[in-house]
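Rule-based calculations on the coordinates, nothing more; no lab input. Just so we're clear, the structure is a prediction, and the values are computed from it rather than from any experiment. Backbone-built Cβ (ideal geometry, glycine too); neighbour counts: all protein chains shown.
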Amino acid sequence: MKSKEKEQIMKEYGWSETIENQFFTFANQIIGDKFKGRFTIKKNNQTNTWFWYYRFSSTTIQPRTKYLCSCDEPTSSNKSSFDNATQKLLEKINHNFSNKDVIEPLLSKYITEYIELSIQWGGLEYRKKGKLNVLIQNEEITPKKNSSTMKRRVKVLQEFKEFCDKKKLKTIQASKGEEFRVVMKEYLNLLKDRNKKIRDGSIVSDKHLSRATLKLHFQSIRMFLNWLATPKSEEGRGLIKQHTITASYQNFLLKEEFGEIVIKQRFFEEFSKKNYEKVLEDSLKYIRGVWNIYCKYGGDREKIREERLSYNEKLKDGTLSGKKHKNQPKEMIVMSDVVFFVSFIQLAYGTRITEILQSFRNYDMWKEYAKNTNTQVSSYFSRVQGEGGEMDYYKLFINNSKKKNRNIPITDLIYSWEEPPKGVPFRKKEKNEEHRYDIYETNIIDVIFELFHPREHAKTFPSPNLQEKPNKGYSNNWYMNLFKERLVLSEDFNWKKYGINSTHNLRAYFVSYMFLQDVHIEDVIEITGQSYSTAIKFYRWINDDVMKETLSHRDLRTILKKNKITNQKSN
């Protein structure tokens, strides 16, 4: 307990219980459990002067009371003596209360600084969720960088900071080539051997971190080290000249621990032109079936739901009542089979799942509801007027996907035997020798807009929970689970037997199929937004026929034949 005399003197030097508690709230992450305690002062009777001290709560730290600074030490005009004492405490904690006159800062000090910057860049903040402080995006702040990336970076670097603290790594060590590489290899092994953690940081299950997760850890650490080496004039910290934890060294470590990646080869072996056409046909047949029923009933959703989504109610004795019960939600006539529509776009145009699943209906909707378009992927459709008798079509404008912008023309048509409902654009093809009946063709996007929009909505594929989630789409995780359940593992479709296990395989199938058509690599890159190196891997694996054609130009028999003719002419 503080004596009344001490407490009064502390107040004269700027202390109060409220200010002290505010400081601990701010510095809680830095202080942690190890350095919990309280401020106090002591008097030097010989000089009759007072000094700030810090008394630890833990009895394991000896001595329990540590000197901070003189109460009369000069401070800036807007700082009190107590403010100076709090700053001295943080500095001493950072250096683990070393007694050296000249102390090299611990690396963890700057990891903390970079974590705080990452939180700012991502527009993030900590909020109480149950018993946990959870890092979430503050929608009132416009992030400078991708929020999801920054959130992941903060989580990864907090764990790396704990490792650096235990090793007492100094900042200067980060610039010592081979020495720091050995440290990072030790950290990789530590991560590799530990089990997965849940949100509160505790270990759960017997599963270890995957190669991809370890790569994300090292990428975040490299970004921190890059910042540490970047000059202040370029918004870095400028504390070291360079570091040696490069992308190539990161990949070397991963290769050393896990070997070469062989997943791609297995995928290519399972791919075939026949498999691609089969899964595309599955999607197209389903879409045509739903659209024909929709046109048959003139868009009457009650009749459509009665035919597609209803069943006879059973009485208690097990007999049928004759009364039809329609599944919820009302007005939705596609429900979980949304996977066919999204899959068709991915297979036909090679989009990433987020690019189509989270797309907006038009530019105005995108402008009003899309968030953080400078840092996160977003997309919208724009109608384009056809020329020379061609039907109108759509362009999918994709913004900031893998830091690239691109657009894709969507031209596929869905036919029906009945005229589409009023307001839906279509083209009528009169019956002829090839077609015994009139055919009505409608752009696939107009079909989607009509089927998935019982009322005005911002998203192309709105969440079925329209009331609780207005202008929101399906969550990616929920959709991908639905995709696996409905298409990959189902008995009726079972796309797994065609080599498809995830939505990303559909995009890969599109790329592979396009290369079988002997198209230009540059065109595929423009459509898919892939890098040249990724596209060339697909090209080399898939297009053996094209490469054989290329090699035929140096066929030995042809060369010898040409040389023989040339020699005969010269003689």
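Table for the structure above
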| item | result |
| --- | --- |
| Cβ-based exposure ranking for V182, V524, in which fewest neighbours within 10 Å come first | V182, V524 |
| Where only C-alpha atoms are counted, convex hull volume of the range 108-199 per residue in Å³ | 119 Å³ |
| Largest to smallest principal axis extent of the C-alpha atoms in the range 385-458, angstrom | 50, 31, 18 |
| Distance between the range 482-537 and the range 223-241 - C-alpha centres, whole angstrom | 40 Å |
| Ranked by how many other beta carbons lie within 10 Å on average, peptides 415-424, 111-120 from highest | 111-120, 415-424 |
| Exceeding the 29 Å Cα-Cα cut-off - candidates K92/K176; K128/K167; K161/K192; K273/K296 | K128/K167; K273/K296 |
| Long-range Cα-Cα pairs in the range 4-94 (distance over 23 Å), rounded percent | 20 percent |
| Rule-of-thumb Rg ratio for the range 470-536 [Cα; 2.2 N^0.38 Å; N residues] | 1.38 |
| Distance histogram for the range 107-261 (every C-alpha pair counted, 10 angstrom bins, percent rounded to whole numbers) | 10, 37, 37, 15, 1 |
| When the range 34-76 is reduced to its Cα atoms, the Kirkwood hydrodynamic radius in Å | 11.3 Å |
| Peptides ranked, highest mean first, by Cβ atoms within 10 Å: ranges 344-357, 229-242 | 344-357, 229-242 |
| 5 angstrom amide H check on I41, placed H, neighbours 5+ away | Y53 |
